[in-house]
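Please read the structure below before turning to the comments.
The values are calculated or read from the model by the stated rules, or taken from the named source; none is laboratory data. Since this is a predicted model, take the numbers as computed values, not measurements. Counting neighbours? That spans all protein chains shown, and the Cβs are built from the backbone with ideal geometry, glycine included. Areas reflect the complete protein model, heavy atoms only, side chains present, ligands, DNA and RNA absent. Shrake-Rupley method; radii C 1.70, N 1.55, O 1.52, S 1.80 Å.
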Amino acid sequence: MGGRDAAAVPVDAGWACLGRGEWAAAADWFDEALARDADDARALEGRAWTAWWLDDAPLLFRTRERAFHAHRTAGDAVGAARAAIWLGSDHHEIRGDHAVANGWYQRARRLLADVPPAAEHGWLAFHDGAYAIELADDTTTARERAAEAAAIGHELGVSDLVFLGAALEGLALVTEGDVEAGMRRLDEASVAATSGELHERIAVTWTLCYLIYACERVRDFDRTTQWCKRMEEVASTFGFEGGVGICRVHYGGVLVFHGDWERAEHELQRSRAILADVRPMAVPESDARLGELRRRQGRGDEATMLFQRALPHPLAELGLAWMALDRGDASAALDRLDDLVAATPPGSVTQLADALWVLAVARARADDLDGAREAATRLDAIAEAIGNRPLAAMAAAARGAVALAAGAAADARQCFQWAATLFDRSGLPYEAAAARRDLGTALSQLEASDTTPDGAVPGLTPRETEVLALVAAGLTDREIAERLTISPHTVHRHVSNILTKLDVPSRTAAVAHGARHGIVG
C-alpha cells in the first residue's frame with residue numbers, strides 16, 4: 001500500500017475508493033481498518049461491497065453478516081437493516097436461496113418498523129418489487145413497490161431510488177403490455193444512470209439491465225442496440241463482470257432473434273463463462289438462449305441438450321416445444337405448453353404472447369381447431385393492446401396456422417404474407433423465413449384446390465373486420481374510436497393493416513372489396 005496518504009482515515013479512504021470504482025484499493029483500506037478494529041461496522045460494510053464487486057462470494061456473505069451483527073451490537077437498527085436488505089439480495093441473486101433471502105428481507109422489515117423515514121425503507125421496497133417480478137411475475141406488486149421506492153427517493157433526495165424505482169416500474173409496465181409508458185420510464189432512468197446522476201454503481205447496472213430485459217420482451221432491437229453501447233461504455237469503467245454478464249445473456253438473446261448469430265454466440269458464450277463462476281443461478285437462462293441459437297442453426301442434438309440442462313426455465317420449455325414441432329410431434333409440444341401457459345400470470349402479457357403463439361401452432365397441427373382459435377384470439381388481443389410489429393406478426397402467423405389447418409388456404413396465404421412482411425420490418429429474419437415457408441404451404445394448397453372461397457375475410461382479424469364495417473358506414477377515425485372505445489391512433493393502424501392485407505390503395509377500395517366479398521353490407 002506504498003505511496004498512499006499516511007494521514008488518511010482507512011475507512012473513509014476505502015469508501016472514497018469504492019465511489020471511484022477502485023475495488024482492490026478499497027479492499028486494502030478496509031483490511032487496514034479491520035486490522036485495527038475487527039468489529040468496525042462501516043469497514044465491514046465496505047469490505048463486503050468490495051467482495052461483491054470483485055466476485056468473491058464466500059467473503060461477501062461472511063463479511064456482510066459480520067456487518068449486520070456489528071450494527072446490531074452498536075444499537076444501529078438502520079445499519080443492521082441495510083446489511084439485512086443486501087444479504088437478502090445476495091442470497092437471491094447469487095445463491096438462489098430465495099427462502100433465505102425472504103428471511104433477511106423480513107428481518108430488515110422488523111428492524112425498520114419503528115424507524116423514521118430513511119433510504120433503507122426505499123431500498124427494501126425496491127427489493128420487494130424486484131423479488132416479486134423476478135420470482136413470481138407479479139407485476140402488480142412490482143409496480144406498487146417500485147413506485148414506493150421512487151417516492152421515498154424523491155422525499156429524501158436519493159436519486160438512486162428515484163430512477164431505479166422508475167426503471168423497475170417501467171419493466172413491470174412493459175411486461176403488462178403498456179409498452180409506451182414503460183419505455184418512457186426506462187429511457188429516462190437509463191439517461192440518469194449513464195449521465196452521472198446516480199451514486200450507487202449497482203443502481204446504474206440494474207437500471208440498464210431492466211431496460212435490456214424490457215426491450216427483449218417486445219423485440220425492440222433499435223432501442224436495445226443504442227443502450228447496449230452505453231452499457232458497454234459504463235461497464236468498462238466498473239471492472240465488474242458478474243452483473244454485466246447477466247445483461248449480456250439478454251443482449252445475446254436479442255442478437256439471436258435479430259439474426260446476428262456470430263455476435264450472439266460470442267455474447268452468450270462469454271456471459272456463460274462469467275456466470276458459471278460468479279452467478280451460477282443465471283446459467284440456465286444462458287443455456288436456454290444458447291439452445292435457441294442452436295435450434296435455429298439446425299443443430300438439434302445440441303439444442304435439445306442445452307434446453308434439457310436449462311429446465312425448468314420457461315425459455316427451455318418453449319424451446320423444447322418448438323423442437324417438437326420441428327420434428328412434427330405436436331402432441332409432445334402440447335404436453336409442455338398447456339401447463340406453461342396456465343402457469344404464466346395474466347399480468348405477464350409479453351411473456352404469455354410467446355407461449356400463445358407456439359400453442360396456437362401446436363393445437364392447429366394437432367387438429368384441435370377450437371383450442372387453436374382460442375390461443376390465436378388471445379394472442380390477437382395482446383398484439384392489439386400493445387400495438388408493435390413483432391407481436392402483430394406473431395398473431396398473424398398464429399392465425400395463418402389455424403387457417404391452414406382448417407383448410408382455408410386463401411386466408412392462410414393472406415396471414416402468412418402479412419406475417420412475413422411484419423417480421424421483415426421488425427428485423428426478425430428467421431421468423432420471416434418461417435412465415436414464407438408456411439406461405440408456400442398455403443399456396444400449394446390453393447394450387448391443389450384451385451378454388452377461392454367466396455365471402456371470406458382474408459387475413460382480417462375480427463376487430464379489423466369491425467373497423468372496415470364502420471368505415472363502410474361512413475364513420476371517421478375519431479367516431480370509430482369512440483364507438484369501439486379505442487384511440488384514433490389504433491383505428492388508423494387498423495385501417496393501414498386492412499389496406500395492406502386486402503392489397504388495395506384506399507379506404508374506398510377497401511370498402512368496395514369488402515362489399516364484393518360479403519365482408520360488409
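How much net charge surrounds ALA381 when only the other residues with a Cβ under 14 Å from the Cβ of ALA381 are counted, with Lys and Arg +1 and Asp and Glu -1? Local charge sum for ALA381: -2. At a probe radius of 1.4 angstrom, the accessible area of the chain per residue rounds to 42 square angstrom. Computed from the Cβ-Cβ distance with R0 of 25 Å, the FRET efficiency linking ALA366 to GLU447 stands at 0.50. VAL491 sits among other residues whose Cβ lies under 13 Å from its own Cβ, and their net charge, with Lys and Arg +1 and Asp and Glu -1, is -1. Separation of region 286-322 and region 166-199, taken as the distance between their Cα centroids, equals 30 angstrom. Placing unit charges on each Cβ (+1 for Lys and Arg, -1 for Asp and Glu) gives the chain a dipole about its Cα centre, and among ALA43, ALA99, ALA381 the Cα reaching farthest toward its positive end belongs to ALA381. For the chain, rounded, prolate or oblate, judged on the Cα gyration tensor with a ≥ b ≥ c (square roots of eigenvalues), a/c < 1.5 rounded, else prolate if a/b > b/c? Prolate is the answer for the chain, as a/c is 1.5 or above and a/b outweighs b/c. Specify which residue in the list HIS69, SER506, ALA324 is farthest towards the positive end of the charge dipole of the chain, using unit charges on the beta carbon of Lys, Arg (+1) and Asp, Glu (-1), about the Cα centre. Of HIS69, SER506, ALA324, it is SER506.
Peptide packing: for 205-215, 275-285, 337-347, 313-323, the average count of neighbouring Cβ atoms within 10 Å per residue gives the ranking 205-215, 313-323, 275-285, 337-347, highest mean first. Positive-end ranking of PRO117, LEU34, THR140 along the dipole of the chain, with charges on Cβ about the Cα centre, is headed by THR140. Between ALA273 and ASN388, the simple label model (points 7 Å from Cα in the Cβ direction) yields a spacing of 3.1 nm. Can you give the FRET efficiency to the nearest 0.05 for HIS266 and ASN102, using r as the Cβ-Cβ distance and R₀ = 51 Å? That pair, HIS266 with ASN102, gives E of 0.90. Calculated on the Cα set of region 386-502, radius of gyration then Dmax: 14.9, 44 Å. For the chain, which whole-number percentage of the solvent-accessible area (1.4 Å probe, protein heavy atoms only) is attributable to carbon and sulfur atoms? Its accessible area is 51 percent carbon and sulfur atoms.
Rounded to the nearest 20, the Cβ-based charge dipole of the chain about its Cα centre (Lys and Arg +1, Asp and Glu -1) stands at 680 debye. Basic side chains Lys and Arg get +1 at the Cβ, acidic Asp and Glu get -1 at the Cβ, and with that the dipole of region 264-417 about its Cα centre reaches some 400 debye.
First check a/c for region 293-449, with a ≥ b ≥ c the square roots of the eigenvalues of its C-alpha gyration tensor; if it is under 1.5, answer rounded, and if not, answer prolate when a/b is larger than b/c or oblate otherwise. Here region 293-449 falls in the rounded category.
Taking Cβ atoms as reference points and 13 Å as the exclusive limit, the residues near VAL179 contribute a net charge of -1, counting Lys and Arg as +1 and Asp and Glu as -1.
Just how large is the dipole of region 340-466 about the Cα centre, in debye to the nearest 20, putting +1 at every Lys and Arg Cβ and -1 at every Asp and Glu Cβ?
Rounded to the nearest 20 debye, it is 340 debye.
Spin-label model, ARG299 to ARG20: label points 7 Å out along the Cα-to-beta-carbon direction sit 4.4 nm apart.
For region 36-108, the gyration tensor built on C-alpha atoms gives an oblate shape. Its axis ratio a/c (a ≥ b ≥ c) is at least 1.5, and a/b is not larger than b/c.
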